[in-house]
Structure formats: C-alpha cells, structure tokens
Amino acid sequence: MLLEEIYKRIIKLRKNRCQDGPKSICRVDEFYFSQLMARLEKEIEIVNRYNPPTRPALDPLVSTELGIYRGDDYQIGRLLGYPECCMKSFSEETRFAIDKKHLKELDEMEFPEDAYALILPSGFIPCSLKCPKAWENKLIAYVNSKEYQMILELEEELKRELPHFHLGYNEYYEKLPIKKKRIVKSSSTDRL
C-alpha cells in the first residue's frame, strides 16, 4: 500500500470519528493534526521522487503522535495495508522483528543474479518473507545494488527533511542482504 493510501485512510478515519481504526487518531487536536498531515504529505512528496519498489515506514513522528502503534494490532495492520496472515503472525505468534525463521527463509529463497538485498518498510514483520500477499502489496521487494543505493539516499533525505527523535525507527527500511550463493540466473521478471 502506498503512503498516499495510508494518508487517505487516516483522513477518512478522522472524518468517521475513528469508528474502524485507532481511536488515538481522533484525540489529536485539529491544528496539530494538520501539522502532522503536512509532514506526511512531505514524506509522500519525497518518496514519489524516488519511486522505490516498496514504500518506506510511515514517518515516525506522525505514527507516534497519532498513536498509530498504540492500538489493536489488526486495526493498525489494516490501516497500513498489511495482509491478514501477517497481522495474525505478529499478534498471535508475537513476532516483533525479523527473526531466525525469516533469515532461514531468506537462505532458501532464489533470486535473479542482480539481486542485492530484500527490503521491507521498517516495522512491518511479515508472516513469511515468501508471503504472496506481502509481495503483491509491495511490502517486500528485492533490489539490485543501484536500487539499494537509491534506498539509502531516500532514507538520508527523509532523515534530513523530516527529523525526529524516535530511537526505535532510525531507518525507514529493513534491509536484508542477499548472499551470492542464493542467487540463481533467471531471465524471468518474476520477483518471487
């Protein structure tokens, strides 16, 4: 899900008095809410210039101040466009980070020879790195070395233009390097 869609969902939730989402979004006063949305608009503008294969994490100041991560896991996941299977894994299996199971899957996966790293929005913990819905929703993607450099540049611009003090989210992407032994030659454009 694109950041623009998340922006629209936040606006819609607020108009509907947060009936189907985190109630904290409606607790923010109107002036501060408009400041936060302007900040999210700035993030969207920056991200659109780079056109990454998957979106970065939501700006940490916006998500913190709106209390997005303080609600029900399923409401948060739906707001952010996460697949149901990933929300269930996060909530019921308490998978709060990329873990050994994910890294084992990464070792088992095959990639085209130009693949350099697997990227995900920071904070998104998929049920599996092979989750078809997460790939379809562009929450997981592989990048080549040139795209990887672009992701690093994007993160640096986001940090520079949208400074924040959230210690848990100093990066906008999870980056998992792909070892050369996992790469297979393929002419396919299929990224799975």
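Go through segment 15-34 and give me each residue that's more than 22 Å from the chain's Cα centre (by Cα) and part of a helix (DSSP H, G or I). Those that are more than 22 Å from the chain's Cα centre (by Cα) and part of a helix (DSSP H, G or I): K15, C26, R27, E30, F31, Y32, S34.
Taking segment 29-62 as the range and being small (G, A, S) and either in contact with a strand residue (DSSP E or B) (Cβ under 6 Å, 6 or more places away or on another chain) or under 18 Å from N137 (Cβ atoms) (or both) as the test, only A57 passes.
In the set (1) outside any helix (DSSP H, G or I); (2) farther than 17 Å from Y173 by Cα; (3) among the aliphatic types (A, V, I, L, M), I76 fails one condition alone, (1).
Within segment 141-181, can you find the residues that are open to solvent by less than 90 Å² (accessible area, probe 1.4 Å), closer than 18 Å to D59 by Cα and not in a helix (DSSP H, G or I)? Hits for segment 141-181 are L162, P163, H164, H166, G168, Y169, E171, Y172, Y173, E174, K175.
You will find that of S145, S122, the residue that is under 30 Å from I11 (Cβ atoms), touching a Phe, Trp or Tyr at 6+ places or on another chain (Cβ under 8 Å), polar (S, T, N, Q) and at pLDDT 90 or above is S122 and no other.
Filtering segment 105-140 to residues that are within 23 Å of R70 (Cβ to Cβ) and either open to solvent by less than 10 Å² (accessible area, probe 1.4 Å) or aliphatic (A, V, I, L, M) (or both) leaves L120, P121, S122, F124, I125, P126, L139. Can you name the residue in segment 1-37 that is on the phi < 0 side of the Ramachandran plot and of a type in the set (K, R) and, of all such residues, is least open to solvent (accessible area, probe 1.4 Å)? My answer is R14. As a summary of the residue check, R55 satisfies the conditions (1) under 30 Å from A117 (Cβ atoms); (2) part of a loop (DSSP other than H, G, I, E, B); (3) free of Cβ contacts under 8 Å to residues at least 40 places away in the same chain; (4) among the basic types (K, R) except for the one numbered (3).
Could you say whether any residue in segment 88-98 is modelled with pLDDT under 90, within 30 Å of D29 (Cβ to Cβ), charged (D, E, K, R) and not in a strand (DSSP E or B)? No, segment 88-98 contains no residue that is modelled with pLDDT under 90, within 30 Å of D29 (Cβ to Cβ), charged (D, E, K, R) and not in a strand (DSSP E or B). Checking each residue in segment 109-138 for being in contact (Cβ under 8 Å) with a residue 12 or more places away in the chain and part of a helix (DSSP H, G or I) picks out P132, K133, A134, W135.
The values are calculated or read from the model by the stated rules, or taken from the named source; none is laboratory data. Small disclaimer: the values here were computed from a predicted structure and weren't measured. Cβ sites come from the backbone with ideal geometry, for glycine too, and all protein chains shown count toward neighbours. For the accessible areas, the whole protein counts, side chains as well, though only heavy atoms, and no ligand, DNA or RNA atoms are used. Shrake-Rupley method; radii C 1.70, N 1.55, O 1.52, S 1.80 Å.
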